[in-house]
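In what follows, a structure is listed as structure tokens, so that the remarks can point back to it.
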Amino acid sequence: MPFRRLAAVLWLGAALTAVLPAVGALPQPSSNCQRKCGVVDIPYPFGIGPDSPDHCAMPSFNLSCNDMGNGVLKPFHTNVEFLSISLDQGQARILNQISTYCYNTTSQEMDYDNWRLNFTYLPYRFSDTSNRFTVIGCHTLAYIGDYAYVDSYMSGCVAMCGHGDVSTVTNGSCAGIGCCQTAIPKGLRYYQVWFDRNFNTSLIYNYSACSYAVLMESSNFTFQTNYVTSPGFNRTNGGLAPLVLDWAIGNETCEVARKEPDSYACMSNNSECVDSTNGPGYICKCSQGFQGNPYLVDREHGCQDIDECLDPKKYPCHGICQNREGGFNCSCPSGTRGNATTGPCMKVLTNGVQIALGIFTSVFLGLLFLLGMEWVKHKQWIIRQDLVRKRDAYFHQHGGQLLIDMVKIENNISFKLYGREEIESATNNFDDKEVIGEGGQGTVFKGHDLDPDNNPVAIKKCKGLDENRRTEFGQELLILSRVTHKNIVKLLGCSLHFEAPVLVYEFVPNKTLHYLIHVQDEVSIRRLEIRLKIAAESAEALAYLHTLNHPIFHGDVKSANILLGHDLSAKVSDFGCSMIRSAEENLHAVKGTMGYLDPEYLLNFELTDKSDVYSFGVVLLELLTRRKALSKEKESLVSVFKEAAKEGKLAELVDREIADQGDMELICQVAELAGQCLAMAGVHRPTMSQVAVELRQLAGTAQARQRTGALHGISPLTVQGRLTTDASDCYTGEETTDYSSFKKKASMSIEFAR
């Protein structure tokens, strides 16, 4: 990748490090050293100029003081400007170049100006707490990495505008729409940035021609909407942005450094050593009650005692102040008492006055206590009345009376309306100890004493209700109550006395499919026929939801949302709140789980039945491979599956527990079905009903094989005009959308879900 500019690329070799010499006494700087460059103080161990007999700087802490014209002086390290240096914090602020990626209307190509900084052999690291990698644009993906990013560190950030509409960009918001920020790891010394060439502004250059990326200080940055439509961000400080560096002495801890007095840098008698929090090395600080430069021995500039009595604003004392080394004493004058450091000293009263004052105080406090009790009772009454009013207001706003009338008409459904007190009692006022699950649509609590048979229930507290859909809410709840399927968690009732609706479901006590696949160690309950049975039942449940008169799209299909009954029967859960969420929220915010998200949904923000089909395809891959949808390294299981299928290495992915030769043709058919579900374009995916029919047939075949010990009824699967004989050619992963496009959309899935 070409780079136009190189800054601070200082390959000084291993000989030039921040390690101080281990032999000989540590030299002290001369009093002739320059300690100011323009308005910037240059405290030791930093210094102006190269190494010299004056020892103005410790090795590798040398700066230059450049004349910028008109008598303006500024400190630099090569061509990187230093803005300030802090001894106490062990930090320095510099100016960092902003990388640009702009559409050229003349050449009709993208011009890019990338940047890198290399402090590999210097005592500097990019602060992981003060900086963020920041990307600005309407259609851009930028990466940040170190020198060996292939094997070490690489990350990225996506900045988009929904449907290319800049009106979705918001001032002060840097969460992915128009602006994106991501953290960096500790100990990072090398920094480079580049843009993904698949993202460009050729179609939107008339209102957003450029994208920007820079590692910068985050505390002083506030995103402005005009940054995506004008060069305002890049023109700040002439295309530069402030960046915070952490610096340290040497590569050793304080414990090791103290054992080498000839090279130990904390020279002042009143200094302390502190280990660096960002990589190896240490910094020195003056002890409490002292100030100055802990790296210097001389009394004038080293750590000196602070005379706190001379600075009453910073060290208040309302009595007699006496300075002492490392602190001060503050006492009340004779004849007074109190804490002079917190308030004025009070005169000591005579015994008679003290007794009279005590009696008056006791009477006053007694009256005050009685008034307080009455006030508390009055406030509690007001709170109770306000709670009753709110409860009734919520009930009417949510269409409670209309829902009651509709339930009376619908005599054939068992649906109950619960009171606020019943729900709060059942969940112990929504105690965190009762939480059994939390997802993108709400929090689930375990409830007690609501079922006539004393069975526990699952109580879901939804996250919000669309104000424009309150009139439809009652009807949609009745639709949910009619969802009666043996493989779907049953909705028992609801409570409308809260700000957001509370839904009550049947309680499924066993673990989830995710636990069965990835956690538990019992192989016998993870046989292929059991996996296919669970998959078939889950598919039938989702197909049932999709084919209702009022179709329901789950929106978050994953193995963690498929519960298991006593006989390992599937129970699809965590749906319902999605029907009552804000339509505007669903349009502008991605909902779902990283690794399961439909790439097509990410592009248009429209949830369809085919979105559930894609997510279910990921579940099928989990069943076949026992790999998680997203690895710890943020590698998508779908990407791994597509690449393995393309290279004919699918057999290497199949879980060894089911990959015996007798099952391979059946596994190939499941892999083929999963590949169809994971097609890039939704129109090329099967319906959930078609998936359910296919899985039911495959599950029946697997069960027959388990009973007879051999596969029966499996016809050879034809792929691309040939018969499959093993897992290497049972699925090729070929689609109308090419593989590189898939990888790009898969990476978007990870970035958006983040």
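For segment 15-127, a crude dipole built from +1 on the beta carbon of Lys and Arg and -1 on the beta carbon of Asp and Glu, taken about the Cα centre, is about 280 debye to the nearest 20.
Rounded to the nearest 20 debye, the dipole size of segment 249-305 about its Cα centre is 60 debye, using +1 on the Cβ of Lys and Arg and -1 on the Cβ of Asp and Glu.
The ranking of MET406, MET58 by Cβ neighbour count inside 10 Å, starting from the fewest, reads MET406, MET58.
Peptides 328-337, 295-304 ranked from most to least packed give 295-304, 328-337, packing being the mean of other C-beta atoms within 10 angstrom over each peptide's residues. Going by neighbour counts of Cβ atoms within 10 Å, the residues LYS36, LYS313, LYS490 line up, fewest first, as LYS313, LYS36, LYS490. Taking every pair of alpha-carbon atoms in segment 252-353, give the share separated by more than 15 Å as a whole percent. Tail of the P(r) past 15 Å holds 70 percent of the pairs. Of interest is the spacing of the C-alpha centroids, which for segment 383-418 and segment 632-653 amounts to 51 Å.
Segment 55-108 and segment 212-265 have Cα centres spaced 11 Å apart.
Here's the picture: charge each Lys and Arg Cβ at +1 and each Asp and Glu Cβ at -1 in segment 93-247, and of CYS179, ASN131, TYR227 the one pushed furthest to the positive end of that dipole is ASN131. Along the Cα-to-Cβ line of SER84, 7 Å from the Cα, sits a label point; which residues in segment 118-157 have backbone N less than 18 Å from it? Answer for this model: 127-132.
Ranked for footprinting exposure by Cβ neighbours inside 10 Å, fewest first, ILE525, ILE488 give ILE525, ILE488.
Dimensions of segment 603-710 from C-alpha coordinates, computed as largest minus smallest value along each principal axis and given longest first, are 49, 33, 22 Å.
Every number in this text was worked out from the coordinates using simple rules, so none of it is lab data. Note that the structure is a prediction, hence the values are computed from the model and not measured. Cβ coordinates were reconstructed from backbone atoms using ideal geometry, including for glycine residues, and neighbour counts include every protein chain displayed.
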